[in-house]
Amino acid sequence: MRKLLVAAVVLLILGVAADFAAARVFEDRITDALQREYDLGRRPVVQARDFPFLPHLVTGRFSTIDLAATDARAKGVTAARLELHLHDLRVPRNVLLGRSGRITVGRADGQVELTEAEINRLAASRLPGGSLTIGADRVRVRLQAALLGQQVDAEATGKLGARDGAITFTPEEVRLGDGLNPALESRLAPLLTFEVPLPELPAGVRLDRVDTRPGALIISGRAAAIRLDA
């Protein structure tokens, strides 16, 4: 009885080791394919969620694979961090056997983190001579605005939002440089409402929602279904 128990434990350990090794080999191939597909300069970290892994390897179907990358670039945008979740993957048998083939991803979603400096760069044309500071739940905008035929220094606090692929800013409080004219401050609010259209985001993430934390903007959205050559 004891020998059978020992044998069972050994087989279990070998099975777990084989499962782990197979997952690492598969993830390595997926990593290469994703790095090429999304044109990532730095090698991303890729992990399959399915466990145990070997049954999924046999069927060629996987529920979710996660990707994380830093300093990810796309057309006109540099993301400090990219997180992507690929769902409903179909892997043909020839890929499972180590040969080339095409992997199908049913859907994807993820997050793109942009630094405050990157947001200011993208918003430069909308904030001539101004700047945007991102806090935990508020955004502060400083700029010069034309009011009654003269340039005035203004500061607005409000929140960022998302609409039609653009980041929007809606002021909740406006203050002139001297802070002495509430009537003029109320007239400035429409002038300080603006939006920043975004270029293509890394991994093709489509803007659905924005969240802020000190010094950074987190963009959440969906990504297009893709086919990977592995």
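The values are calculated or read from the model by the stated rules, or taken from the named source; none is laboratory data. Keep in mind it's a predicted model, so treat the numbers as computed, not measured. Because the Cβ atoms are built from the backbone with ideal geometry, glycine has one as well, and the counts that use them run over all protein chains shown.
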Note: among Thr104, Thr64, Thr78, just one is modelled with pLDDT under 90, assigned to a strand (DSSP E or B) and surrounded by 15 or more Cβ atoms within 10 Å (Cβ to Cβ), namely Thr78
Heads up, the strands (runs of 3 or more DSSP E) in the range 120-173 (entirely inside) with at least 1 residues that are modelled with pLDDT under 85, in the same structural domain as Pro214 (by TED's automatic domain parsing) and of a type outside the set (S, T, N, Q) are 139-147, 150-163
Residue pairs qualifying under the 6 Å Cβ cut-off, at least six apart or on distinct chains, with the first in the range 41-68 being under 23 Å from Ala225 (Cβ atoms) and the second being modelled with pLDDT under 85 and part of a loop (DSSP other than H, G, I, E, B), are His56/Asp50; Gly60/Val91; Phe62/Asp50; Ser63/Asp50; Thr64/Arg49
If we keep only residues of the range 195-230 that are in contact with a helix residue (DSSP H, G or I) (Cβ under 8 Å, 6 or more places away or on another chain) and among the small types (Gly, Ala, Ser), then the residue nearest to Thr78 (Cα to Cα) is Ala216
